[in-house]
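Input: a single structure, listed below in structure tokens.
None of the figures in this text is laboratory data; all of them are computed from the coordinates on show. As the structure is a prediction and not an experimental result, all values here were calculated from the model. Ideal geometry is used to build each Cβ from the backbone, glycine not excepted, and the neighbour counts take in all protein chains shown.
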Amino acid sequence: MSETKTNWKKTLNLPRTSFPMRANLAQNEPASVKRWLKESLYDKVTEAREGCEEFIFHDGPPYANGSIHVGHLLNKVLKDIIVRSRLVAGKQCKFVPGWDCHGLPIEHKVMTELADSGKIEKLNSLDESTRRMAIRRACRQDAEKYIKLQRGQMQRLLTLADYDNPYLTMNPRYEQRVVETFADLVMQGIVFRQLKPVHWSIANETALAEAELDYEDRTDPSVFVDFEACDAAAVAAAFDVEVDQTPSFMIWTTTPWTLPANLAIAVHDRLTYALMRLDGALTVVAEDRIDAVAAVGETESVEKLATCKGSDLVGLTYRHPFCDRTSPVVSAEYVTLEDGTGLVHTAPGHGVEDYGTGLREGMDIYCPVKGDGTYDETVPDWLHGCSVWEANPKVVEHLKASGHLHASKDIVHSYPHDGRSKTPVIFRATEQWFIGVDRPLRDGGQTLRDMAMDATRESVDFVPEWGRNRMRGMLESRPDWCISRQRAWGLPIPAFSMPDGGVFMTAASVRAVAHAFGERGSDAWFNEEPSQLLSTYDPGSDPDAPDGLNLAALEKMHDIFDVWFESGSSWNAVMRARELGCPVDLYSEGSDQHRGWFQLSLLPALGVTGQSPFRCLLTHGFMVDRHGRKMSKSGGNALSVDDLLKDVGADVCRWWVSGLAFENDIRVDLELFHLAGESYRKVRNTIRFLLSNLDDLECSSAEIHELWSTVSPRSLEAWVLGEAGRLQTEVMEAYEQLEFRKAHLAIFDFCNETLSAIYCVAVKDRLYCDQANSERRRRTQATLHRLAEVLCRLTTPILVHTADEAWRALHGDDACVHLEVIQPLQVTVDKDWPLVMEAREMVLKALEEAREAGKDGIEKSLDAGILMPDPEDQLAPFAEALEAMCEVSRLTCSKDYSEIKIEDLRAEPACERSWRRDQTVQARENGAMLSDRDWDAVQQSLSDG
RNA sequence: GGGCUAGUAGCUCAGUUGGUUAGAGCGCACCCCUGAUAAGGGUGAGGUCGGAGGUUCGAGUCCCCCCUGGCCCA
């Protein structure tokens with residue numbers, strides 16, 4: 001029996017293919033990468049699309065530090081899907097990858113390494129320029145190392161980009177463009193220098209941007225301090241009472257170290273304040289804070305003497321508890337009753353709000369704290385040279401001893417920390433460079449903020465749409481942009497100091513330095529004299545040049561640009577410089593870039609060009625672990641990209657990315673990659689089935705086209721090609737709309753349902769059992785061929801390796817699917833197909849019921865015949881197709897049947913070759929039971945040898 | 001503390017302007033096939049829609065409050 005079986009097997013056209021079931025992606029993908037690099041695929045594709053409609057995309061630069069993580073994987077793969085989906089749609093889409101190279105993280109790491117290797121002392125013995133150059137050399141090497149590493153990893157993710165010509169923010173030509181962008185802003189009159197409290201990292205002795213801060217819990221002393229009034233009678237008058245001693249104003253602070261810089265007490269005009277007798281002492285606090293203040297001081301007796309409005313207190317003066325000066329009570333809107341005393345300690349040199357009050361009241365922006373976090377000589381002796389953190393307990397002790405301390409208690413609160421050194425930052429007033437968002441531009445008179453609000457109102461698209469509100473909310477309230485840093489690893493701000501203490505920097509002088517940077521790199525700032533840097537500068541033709549300018553007397557200043565200004569100029573330094581197109585059609589990054597790169601690209605572009613650098617912003621969410629918590633390296637819940645690539649391969653990672661609802665949080669877990677692997681395998685096996693039945697198809701492409709394009713509208717082929725056409729439209733639209741998940745699901749459903757569960761099952765019999773070169777089989781093969789091509793082209797943006805592997809199996813090893821463009825697919829399909837599919841569902845259900853009918857149930861569908869009710873004679877023309885789709889031996893349609901009936905055909909003979917029990921089965925001359933079709937096929941294959 | 005955002009079957013997600021028994025895929029269970037075979041097919045069981053109120057004849061969908069995440073700020 002088994003021998004006979006084997007014999008029949010030999011006469012069948014069974015599937016055969018070199019396209020393996022197991023993808024072995026980890027092993028095979030690197031070969032694809034190598035081949036594409038060797039063939040210069042990126043250049044080939046951009047050349048092939050020369051002159052086509054363009055889609056302008058711009059890559060935001062990742063920071064050149066460390067190995068890539070899953071976040072990069074998501075970001076880069078999404079971008080690659082965007083680019084490749086435009087390419088397969090027939091558009092030109094260039095992609096220049098970039099890296100952010102300067103900045104604190106690299107410098108901090110390099111400094112740590114230098115310290116660890118004991119070189120830091122030698123470094124500190126060098127003169128300033130030499131020292132900075134030594135640091136810069138080490139930083140550049142470090143950045144280069146990681147660019148190389150990350151580039152390899154990104155290529156391993158099968159991304160297509162101009163990796164031979166990336167943009168690096170540390171390249172001279174890039175630096176030149178950044179400084180030129182700056183020159184334009186200087187020309188607009190919105191760049192200024194100002195003393196201003198900024199977040200200051202004591203550890204790194206630099207001002208920090210918001211983006212460089214981490215908020216962490218910290219324990220600080222929370223103190224309630226009495227400031228003695230100068231004039232008891234004036235206070236008494238404000239409250240309209242008599243007093244027998246000098247009252248105090250009580251303030252509250254969690255930064256006792258800022259008390260030496262106190263220059264005012266702020267109250268709110270409309271709040272009610274009370275004159276209290278607390279355990280015998282006269283004190284002023286907000287009426288609603290009395291209980292809280294009394295409680296924290298463990299006060300034994302509380303007596304309210306009188307009340308007045310805050311406005312009545314304004315103008316009164318008080319004596320500083322340990323500095324020799326008197327200061328005023330002032331009014332401020334931000335005073336609240338949420339905590340403290342309702343009287344706010346104000347130090348204009350140490351707080352943003354205090355600073356605003358100080359400016360308004362004409363106070364000094366007094367800051368006695370030096371860059372290293374210690375006090376200068378303007379404070380009392382006992383604090384000289386003391387660090388602010390040491391000062392906290394000292395100040396508390398001093399206040400206690402002098403009787404000014406009402407209460408002190410440690411509290412835990414959220415406090416800004418330097419993201420890199422993990423040390424707490426302070427607010428400290430320093431001279432910084434700013435780009436003003438509320439200063440009118442010389443051209444047009446609008447402010448950057450107004451322009452940004454206008455641009456984001458309607459001329460920029462947001463995906464998802466809520467990004468608009470988010471970004472506009474940020475723009476509405478953002479402060480002036482502090483663009484200066486006091487570090488070595490960065491692009492110098494080309495400002496010079498003059499002998500009279502003034503600062504020299506005009507649009508023209510900045511352009512001259514930009515030119516020098518473009519020629520010789522920004523290292524020139526450290527290696528060259530001002531006269532060399534300004535060699536192309538002509539004071540005579542610079543209307544902004546100060547009177548009596550003496551170039552020989554200039555000295556270079558030491559600030560560098562905030563790295564965000566560098567990356568925020570990329571629309572100019574890359575897209576305009578390389579004539580790639582600006583405004584750009586799409587920027588796509590994580591949603592944190594609403595405040596980062598998006599906003600900080602928008603502002604300079606508006607200042608320079610008057611318009612937004614992007615037409616659309618796409619954002620994706622952030623990776624969270626399996627419990628929905630944020631990913632952290634230290635938490636040990638981060639997955640390594642290298643491990644993922646070894647484990648599941650890039651195509652599976654890409655398949656996973658394409659299926660994500662990426663605008664929200666993205667749960668990352670190894671198990672999810674394995675699940676993506678299973679669904680990838682489904683797609684792969686479906687393609688494999690198509691390919692494996694094309695092994696013996698030796699028709700020209702014209703013949704194949706003729707075969708599939710002329711199928712009968714009622715044939716299975718017409719149906720499946722119609723479905724494929726729908727799929728192609730749906731997927732291409734989804735790509736266009738940036739809805740990759742939709743494309744992913746459509747492709748999967750098509751493979752899983754339309755092909756695997758329905759079409760492939762239906763055509764197996766004819767593929768395997770029909771004569772190899774019969775018209776019906778060839779037509780089916782032509783259809784499979786077409787389906788395989790459609791699937792390859794549609795999956796090209798996602799399954800980069802697999803689509804190409806299949807394409808090469810189809811068209812030979814010299815072919816490359818990545819040069820392909822989607823082709824229209826049109827075939828006439830009968831309108832009654834929905835009825836047929838409905839009938840199929842009903843038959844399958846009926847067969848299942850027949851199967852479960854007990855131990856005598858019909859278990860194999862080929863043992864069954866179907867009597868199909870067909871009241872309108874609509875199904876009869878599809879009987880052959882329906883029979884094939886249900887895998888039954890016989891299907892008869894008639895208006896005489898009232899419901900689906902299953903015929904038990906087990907008494908009829910089965911064909912030994914096709915296992916079908918069709919009525920033509922009979923004993924043949926060789927003794928075998930075969931159907932007519934199979935008997936013919938056997939004879940044919942024998943005569944063919 | 002503020003702005004934006006999310007919370008629907010074990011998992012990933014759909015759920016149109018409020019309207020019949022809340023859908024899909026995966027996974028799971030059971031069955032078939034062994035001529036896609038480390039494959040393929042069929043059937044089925046899973047949900048008080050984060051929680052509490054409210055509006056309405058009717059709410060996953062609208063309003064309010066709360067809880068738990070995420071991003072960005074303070």
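Here are some notes:
- Chain A - mean residue ellipticity at 222 nm from DSSP helices (-39,500 (n - 2.57) per run, n ≥ 4, rounded to 500): -12500 deg cm²/dmol
- Rg/Rg_globular for chain A, with Rg_globular taken as 2.2 N^0.38 Å and Rg from C-alpha atoms: 1.30
- Gyration tensor (Cα) of the stretch A:1-135, equivalent ellipsoid semi-axes in angstrom: 53, 26, 12
- Computed FRET value (nearest 0.05) for A:Glu333 with A:Arg906, which takes r as the C-beta separation and R₀ as 56 Å: 0.05
- Under 5 Å, built H, 5+ apart or other chain: amide partners of A:Ile483: A:Trp433, A:Phe434, A:Ile435
- Counting Lys and Arg as +1 and Asp and Glu as -1 over every other residue whose Cβ lies under 12 Å from the Cβ of A:His674, the net charge comes to -3.
- Using distinct alpha-carbon pairs, which all enter the 1/r mean, Kirkwood radius of the stretch A:219-288 in Å: 13.2
- Violating pairs (Cα-Cα greater than 20 angstrom) within the set A:Lys44/A:Lys148; A:Lys196/A:Lys370; A:Lys422/A:Lys630; A:Lys79/A:Lys630: A:Lys44/A:Lys148; A:Lys79/A:Lys630
- For chain A, with +1 on Lys and Arg beta carbons and -1 on Asp and Glu, the positive-most of A:Ile135, A:Phe19, A:Ala605 along the dipole: A:Phe19
- The charge dipole of chain A, taken about its Cα centre with unit charges on the Cβ atoms of Lys, Arg (+1), Asp and Glu (-1) only, comes to about 2560 debye.
- Alpha carbon centroid spacing (whole Å) that separates the stretch A:55-109 from the stretch A:883-945: 59
- Sorted largest first, the principal axis extents computed over the alpha-carbon atoms of the stretch A:534-657 equal 68, 34, 25 Å.
- Taking 0.36 nm per residue of separation and subtracting the Cα-Cα distance, full extension of the segment from A:Glu298 to A:Lys860 would add 193.5 nm.
- A:Met453, A:Met557 arranged by Cβ crowding within 10 Å, fewest neighbours leading: A:Met453, A:Met557
- Taken along the Cα-to-beta-carbon direction at a fixed 7 Å, the label points for A:Thr920 and A:Leu672 span 5.4 nm.
- Under a 5 Å amide H cut-off, with hydrogens placed 1.01 Å from N, A:Glu663 pairs with A:Gly621 among residues at least 5 apart or on other chains.
- Computed FRET value (nearest 0.05) for A:Leu844 with A:His627, which takes r as the C-beta separation and R₀ as 30 Å: 0.15
- Estimated at 0.36 nm per residue, the fully extended path between A:Asp944 and A:Arg35 surpasses their Cα-Cα distance by 323.2 nm.
- Each 10 Å bin from 0 upward holds the following percent of the Cα-Cα pairs of the stretch A:305-392: 14, 41, 34, 11, 1.
- Using the Stokes-Einstein relation with a Kirkwood hydrodynamic radius computed over Cα pairs, the translational diffusion coefficient of the stretch A:864-945 at 25 °C and a viscosity of 0.890 mPa s comes to 175 µm²/s.
- For A:Val624, the amide hydrogen comes within under 5 Å of the amide hydrogens of A:Ile666, A:Arg667, A:Val668, counting only partners 5 or more places away or on other chains and with H modelled in the peptide plane.
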